[in-house]
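Note sheet for the following structure.
The values are calculated or read from the model by the stated rules, or taken from the named source; none is laboratory data. Model, not experiment: these values are computed from the prediction. Neighbour counts are summed over all protein chains in view; Cβ atoms, including those assigned to glycine, are modelled from backbone coordinates with ideal geometry.
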Amino acid sequence: MRDIVKSIEEEYIRYKKLGESALAQVADADLSKEPPGNGNSQAALVWHIAGNLESRFTDFRTADGEKATRDRDSEFLSRDVTRSEILDKWQRGWAPLLAEVKALADADLAATVVIRTQPLRIDQALHRSLAHAAYHVGQVVYLAKLWVGERWDSLSIPLGQSAAFNAKLATSKEAYSASGYLEQRTDSTGPATR
């Protein structure tokens, strides 16, 4: 059985899609642009998210999640990279996570993994990782909205459309899926890669 694991997996996929949909709306020149106040660019955030996920989920059940090969501080350095490099880094980070989560069953959640020498149950490690990814994906989305401005295509229920969305949901026979909604929005509106 994997009901609990499936719900966690779906949330990871939702945040992955959310980040990708936000990045797709940003002009190439803005991907490495740093916001005022010593903030991180989207490129730095992608490097950090990917570095964290790759470290945590490579050899997830057999090695410490903070790999000696990871240089966390360098993930936040200013970098001028192409869209292709950003998307490649993004995919490399999410791949080990999604592979490891796909292999889990609910019965595995009480087993222990180690992160920074500290033992954690797998369910604790997943929840912590999911919260971390959601936090930084939120920053990616915020910067995308900031850089895109008036051209921003909302990735959730657009302002002023909540009542119509709720009415449609109430009459629908299908279960609501946040990642499905996001996929449907990006498929129908097709945010262009700029």
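Let's see how each residue does on (1) under 16 Å from LEU130 (Cα atoms); (2) of a type in the set (Lys, Arg); (3) modelled with pLDDT of 95 or more:
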| position | (1), (2), (3) |
| --- | --- |
| ASP28 | no, no, yes |
| LYS33 | no, yes, yes |
| ASN38 | no, no, no |
| GLN42 | no, no, yes |
| LEU45 | yes, no, yes |
| ALA50 | yes, no, yes |
| ASP59 | no, no, yes |
| SER78 | no, no, no |
| VAL101 | yes, no, yes |
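Please find, within segment 1-38, the residue that is surrounded by the most Cβ atoms within 10 Å (Cβ to Cβ) out of those that are assigned to a loop (DSSP other than H, G, I, E, B) and in contact (Cβ under 8 Å) with a residue 60 or more places away in the chain.
Ranking the candidates gives VAL26 first.
With the checklist (1) in contact with a Ser or Thr (Cβ under 9 Å, 6 or more places away or on another chain); (2) part of a helix (DSSP H, G or I); (3) closer than 25 Å to MET1 by Cβ in hand, flag the one item LEU120 doesn't pass.
Every listed condition holds for LEU120 apart from (2).
Quick check on this structure: which one of VAL81, VAL113 is outside any helix (DSSP H, G or I) and under 24 Å from GLY19 (Cα atoms)?
Step by step, each of VAL81, VAL113 is checked, and only VAL81 is outside any helix (DSSP H, G or I) and under 24 Å from GLY19 (Cα atoms).
Collect the residues in segment 147-194 that are modelled with pLDDT under 70, surrounded by 11 or more Cβ atoms within 10 Å (Cβ to Cβ) and assigned to a loop (DSSP other than H, G, I, E, B), keeping them in residue-number order.
PRO191, THR193, ARG194
Which one of these does LEU104 not meet: (1) exposed (fewer than 13 other Cβ atoms within 10 Å of the Cβ); (2) not in a helix (DSSP H, G or I)?
Here LEU104 clears every test but (1).
Counting only residues that are surrounded by 12 or more Cβ atoms within 10 Å (Cβ to Cβ) and under 18 Å from the mean Cα position of the chain (by Cα), how many does segment 73-99 have?
Final tally of qualifying residues: 18.
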